[in-house]
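A short write-up of the structure that comes next.
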Amino acid sequence: MTSSNLSTAYISLGSNIDAETNLRQAIELIGQHCTILAVSQAYRTPPQGFSDQADFLNLALKVETQLNAVTMKHTVLDWIERELKRVRDPNNKNAPRTIDLDISLWNEAVFDYGEKPWHIPDPDIVRFAHVVFPLAEIAPDYVHPTEKISLATIASQFSDTHFQKIDLGGG
């Protein structure tokens with residue numbers, strides 16, 4: 001295997017149901033399918049859209065994989081969400097969840113994939129502090145492929161945001 005066969009992906013994780021346990025399990029399961037290069041601290045963040053629920057813990061991983069984005073999404077991330085009993089409420093896309101796994105960045109690429117379709121880079125990187133803060137922690141100098149500025153610069157645009165950092169340990 002040569003390094004040209006590998007992709008670097010950044011995965012965003014969130015949970016507000018037994019969050020510490022579910023995030024640790026998700027990291028462990030992702031590590032069974034790819035090489036984890038970096039794990040951010042977890043950030044305790046208020047829920048978006050539907051506020052009558054517990055705060056979330058959000059973090060990010062930098063991984064190296066031989067998989068492509070579609071396979072990573074369907075074979076790994078969707079499987080982990082099922083394993084950790086993720087329930088999707090058709091009437092509330094912001095409902096509480098055991099785990100939410102999204103590919104935020106893939107190499108330096110820009111593309112859409114899947115049936116939704118999902119977008120790379122994830123548009124939420126520039127919309128929500130809870131997405132960009134963990135990414136900026138593990139890859140501050142990564143230049144966003146469409147914004148053409150670093151993740152640290154994007155995070156700094158949310159300068160009034162202060163999240164409690166949680167060390168999940170062992171990651």
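The values are calculated or read from the model by the stated rules, or taken from the named source; none is laboratory data. No experiment lies behind these values; they were computed from the predicted model shown. Methodologically, a virtual Cβ is constructed for each residue, glycine included, from the backbone with ideal geometry; neighbour enumeration extends over all protein chains shown.
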Is it the case that some residue within the range 116-127 is of a type in the set (Asp, Glu), out of contact with any Ser or Thr (no Cβ under 6 Å at 6 or more places or on another chain), under 21 Å from Asp78 (Cβ atoms) and at pLDDT below 95? no
List every residue pair whose Cβ atoms lie under 7 Å apart, where the two residues are 6 or more positions apart in sequence or sit on different chains, the first residue falls within the range 58-74 and is of a type in the set (D, E, K, R), and the second residue, located anywhere, is outside any loop (DSSP other than H, G, I, E, B) and surrounded by 19 or more Cβ atoms within 10 Å (Cβ to Cβ). Lys62/Tyr10; Lys73/Ile103
For residues in the range 107-142 being touching a strand residue (DSSP E or B) at 6+ places or on another chain (Cβ under 8 Å) and farther than 19 Å from Asn58 by Cβ, which is surrounded by the most Cβ atoms within 10 Å (Cβ to Cβ)? Tyr113
Tell me, please, whether a residue that is touching a His at 6+ places or on another chain (Cβ under 8 Å) and on the phi < 0 side of the Ramachandran plot can be found in the range 25-42. no
Of these, Ala54, Ala60, which one is surrounded by fewer than 16 Cβ atoms within 10 Å (Cβ to Cβ), closer than 30 Å to Thr161 by Cα and out of contact with any Asp or Glu (no Cβ under 6 Å at 6 or more places or on another chain)? Ala54
Can you pull out the residues in the range 146-166 that are surrounded by 15 or more Cβ atoms within 10 Å (Cβ to Cβ) and small (Gly, Ala, Ser)? Ser150, Ala152, Ala155
Pro134 vs (1) modelled with pLDDT of 95 or more; (2) over 17 Å from the mean Cα position of the chain (by Cα): all pass except (2)
Scan the range 14-42 residue by residue and report those that are touching a Pro at 6+ places or on another chain (Cβ under 6 Å) and crowded, with 20+ Cβ neighbours inside 10 Å. Asn16, Ser40
The lone condition Glu28 fails out of (1) touching a Phe, Trp or Tyr at 6+ places or on another chain (Cβ under 7 Å); (2) not in a loop (DSSP other than H, G, I, E, B) is (1)
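On the given criteria, is Phe50 within 13 Å of the chain's Cα centre (by Cα), modelled with pLDDT under 95 and not acidic (Asp, Glu)? It would help to see each step written out before you state the result.
Details: within 13 Å of the chain's Cα centre (by Cα): no; modelled with pLDDT under 95: yes; not acidic (Asp, Glu): yes.
No.
Where in the range 55-151 are the strands (runs of 3 or more DSSP E), entirely inside, with at least 2 residues that are of a type in the set (A, V, I, L, M, F, W, C)?
Ranges flagged: 56-65, 100-106, 118-120.
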Of (1) out of contact with any Gly (no Cβ under 6 Å at 6 or more places or on another chain); (2) touching a residue at least 60 places away in the same chain (Cβ under 8 Å), Pro121 fails just (2)
